[in-house]
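The values are calculated or read from the model by the stated rules, or taken from the named source; none is laboratory data. Note that this is a predicted model, so its numbers are computed, not measured. Cβ coordinates were reconstructed from backbone atoms using ideal geometry, including for glycine residues, and neighbour counts include every protein chain displayed.
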Amino acid sequence: MDVGAKFLGTRWAARAPIALFKAHLGFLFAGRMLLLLHRGRNSGAERSVVLEAVDREDPDKVLIASGFGTTSQWYQNLKAEPSCRVSIGFRNRVPATAELLDTSASSSLLARYAADHPRLWKHLSRSITTLTGDSDEKLDIPIVRLHLERRPD
């Protein structure tokens, strides 16, 4: 099995960075990773997941991708309730609103990501296809734009 897929498929490894974010050490990821705090659509309980920031359109707009598609729990939760909180860099638990992008916008942004980070995309796409069983041609990775509350000037 692909090493990246094995890592992504291991719950403890995927959740390990959460402790760093909760200790306000998210800046160690240099803005490449973020902690997303969202509400469970059925339980209403706060849930957390660490995700890669695919792009930062500006300091208050962050793009994230759902590598496991629209069935990811965090994606489904944001679809039901777009209000969330985000920790990224030196910013902690910032109120945010999620905007689920359509297929066309997601594909365009993903193509740009692949062009900007070809080596990383090669490994990441291989890991995703290994875990999902999809082929490269069938990869449907939705993108979410997080609108963070602006910092006071």
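Some observations on this one:
- Every residue from region 75-116 that is of a type in the set (Gly, Ala, Ser) and under 25 Å from Ala23 (Cβ atoms): Ser83, Ser87, Gly89, Ala96, Ala98
- Screening region 37-71 for residues that are among the β-branched types (Val, Ile, Thr) and touching a residue at least 60 places away in the same chain (Cβ under 8 Å) and picking the one that is surrounded by the fewest Cβ atoms within 10 Å (Cβ to Cβ) gives Thr70.
- Answer from Leu51, Leu20 - the residue that is touching a strand residue (DSSP E or B) at 6+ places or on another chain (Cβ under 9 Å), assigned to a strand (DSSP E or B) and either within 19 Å of Ile143 (Cα to Cα) or at pLDDT 90 or above (or both): Leu51
- Wholly enclosed helices (runs of 4 or more DSSP H) of region 72-153 bearing at least 3 residues modelled with pLDDT under 85, buried (at least 16 other Cβ atoms within 10 Å of the Cβ) and of a type in the set (Val, Ile, Thr): 118-132
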